[in-house]
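K.L.:
I'd like to ask some things about the structure below.
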Amino acid sequence: MKLQQHVTDYIAFKEALGARFQTEAQILKAFSKAMGDVDITQVQPSAVQAFLAGKGAVTSFWHHKFGVLTRFYRFLMIRNYVDSTPLPKTVPKCPEPMKPYIYTPEDLRRLLAATDRLQSPLSPLRACTYHTLILTLYSTGLRIGEALALTLADVNLPESLIMVRTSKFFKTRLVPTGPRLCDRLRAYVQRRRKLPCPQGEDSAFFVTRSGNPLTYDQARKVFPILRNLAGIHREKQARYQPRVHDIRHTMAVHRLLSWYREGANVQRLLPQLSTYLGHRDIAATQRYLTIIPELRNQASRRFEHYAMQEVENEN
């Protein structure tokens with residue numbers, strides 16, 4: 001039986017179980033294409049190694065592809081389609097995880113100001129679209145994919161709510177919006193409704209000049225332009241430059257820092273932040289809370305105060 005057919009059957013099996021499986025499906029289809037029109041038993045280890053290696057240095061994506069293929073071949077072995085796997089026995093060390101860039105308030109102001117440079121007679125809404133998108137991402141902590149999937153109906157301005165329907169974990173949630181963001185969204189909607197709305201209220205909220213949905217690829221290409229215009233960058237030797245997704249990390253860190261400054265019960269409020277961000281548990285939220293010097297100082301002062309109280313109680 002051909003490899004391509006096994007890949008097709010496996011993808012259908014996973015999707016039938018309710019798995020989103022989009023990225024994994026793309027990897028498996030790319031794997032099938034790279035191996036060629038061969039029987040499942042004819043896949044050569046050297047070809048698999050070349051597929052995993054790709055071009056350039058080993059990144060975390062190597063391990064992601066390896067994991068997808070490991071699960072695929074486990075599926076085949078359980079059903080006796082193959083007796084062994086052509087996957088490499090030696091796995092390279094995974095590089096250290098990328099540290100998110102936490103934008104300062106000044107960074108965000110410059111980033112928003114840079115959107116004015118996108119203004120064009122041919123695309124009069126472009127600057128406003130990206131300005132509103134960045135504000136929405138920072139104010140709500142939405143994932144970029146969630147923001148770009150919003151429809152006009154999802155943004156309920158009278159109730160100050162955003163309905164997120166395409167969550168990473170298939171969960172729909174309501175995200176409250178503050179008055180300043182609502183004012184910005186309202187101004188954007190007035191201009192956006194002058195563009196085509198082919199699906200009525202189910203039309204995309206963030207759009208291009210033609211009324212078509214703004215795509216992730218388009219946003220991903222424009223964001224580095226804005227970042228450079230704003231003069232935001234890591235040191236030259238850094239592997240990654242600040243990303244649009246880091247705005248979500250920034251929102252979480254800034255919220256935590258604000259609670260510390262207010263003297264709030266951070267441990268009690270963390271589950272609320274987790275729910276707001278659409279996480280399944282607090283552990284997922286904790287990965288977003290990158291330690292920055294000011295946050296570390298606030299946490300240290302909080303602990304020092306707690307420790308002094310304990311000493312006084314002992315005495």
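The values are calculated or read from the model by the stated rules, or taken from the named source; none is laboratory data. Being a predicted model, the structure only gives us computed values, none of them experimental. Positions of Cβ are generated from backbone atoms using ideal geometry, with glycine treated the same way; all protein chains shown enter the neighbour counts. These area figures cover heavy atoms from the full protein model, side chains too; ligands, DNA and RNA do not enter into them. Shrake-Rupley method; radii C 1.70, N 1.55, O 1.52, S 1.80 Å.
K.L.:
Roughly how many Å is it from the Cα centre of segment 1-33 to that of segment 49-66, as a whole number?
P.N.:
19
K.L.:
Only sites in a loop by DSSP and with at most 10 other Cβ atoms within 10 Å count here; which GluC sites (Glu not before Pro) in segment 199-264 make the cut?
P.N.:
Details: sites: 201, 235, 262; in loops: 235.
Sparse-neighbourhood loop GluC sites (Glu not before Pro): 235.
K.L.:
Collect residues whose amide H, placed 1.01 Å from N in the peptide plane, falls under 5 Å from the amide H of residue 151; neighbours closer than 5 in sequence don't count.
P.N.:
205
K.L.:
I would also like to ask the following. May I ask you to list the GluC sites (Glu not before Pro) in segment 86-189 that are in a DSSP loop and have at most 13 other Cβ atoms within 10 Å of their Cβ?
P.N.:
On the way: sites: 106, 146, 159; in loops: 159.
Passing sites in segment 86-189 are 159.
K.L.:
Now, a different point. If r is the Cβ-Cβ distance from residue 235 to residue 294 and R0 is 30 Å, what FRET efficiency results, to the nearest 0.05?
P.N.:
Values: r = 20 Å, r/R0 = 0.67.
Between residue 235 and residue 294 the formula returns 0.90.
K.L.:
Give the cross-link partners of residue 171 among the aspartates and glutamates, using a straight C-alpha distance below 14 Å as the criterion and excluding same-chain residues fewer than 8 apart.
P.N.:
146, 281
K.L.:
Further question on the same structure: Give or take rounding to whole Å, what are the principal axis extents of the alpha carbon atoms in segment 151-233, in descending order?
P.N.:
Per principal axis, max minus min of the Cα coordinates gives 37, 29, 27 Å.
K.L.:
Additional query: In nm, what is the difference between 0.36 nm times the number of residues separating residue 281 and residue 49 and their Cα-Cα distance?
P.N.:
Values: separation 232, 0.36 × 232 = 83.52 nm, distance 3.58 nm.
Computed gain between residue 281 and residue 49 is 79.9 nm.
K.L.:
Among all the aspartates and glutamates, which ones have a C-alpha under 12 Å from residue 2's C-alpha, if same-chain residues fewer than 8 places away are not counted?
P.N.:
The qualifying aspartates and glutamates are 37, 39.
K.L.:
Can you give me the distance in nm between label points at residue 161 and residue 189, each placed 7 Å from the Cα along the Cα-to-Cβ direction?
P.N.:
So the two model labels end up 1.4 nm from each other.
K.L.:
Assuming 0.36 nm per residue, please report the length gained on full extension of the stretch residue 84 to residue 171 beyond their Cα-Cα distance.
P.N.:
Values: separation 87, 0.36 × 87 = 31.32 nm, distance 3.78 nm.
So the extension gain works out to 27.5 nm.
K.L.:
Please express the shape of the chain as an equivalent ellipsoid: the semi-axes are the square roots of 5 times the eigenvalues of the C-alpha gyration tensor, given largest first in whole angstrom. All intermediate terms of the calculation are to be shown ahead of the outcome.
P.N.:
Working: eigenvalues 300, 178, 83 Å².
They are 39, 30, 20 Å, listed largest first.
K.L.:
Which of the lysines could be linked to residue 55 by a straight reach, that is with a Cα gap under 24 Å, when you skip same-chain ones fewer than 8 residues away?
P.N.:
29, 33, 65, 89, 93, 99, 221, 236
K.L.:
What does the C-alpha gyration tensor say about the overall shape of segment 1-53? Classify as rounded when a/c is under 1.5, otherwise prolate if a/b is larger than b/c, or oblate.
P.N.:
Numbers: a/c = 2.92, a/b = 1.58, b/c = 1.84.
It comes out oblate by the Cα gyration axes.
K.L.:
Counting heavy atoms of the protein chains only and a 1.4 Å probe, report the per residue accessible area for segment 99-224 as a whole number of Å².
P.N.:
Values: 6470 Å² over 126 residues.
Solvent-accessible surface per residue comes out at 51 Å².
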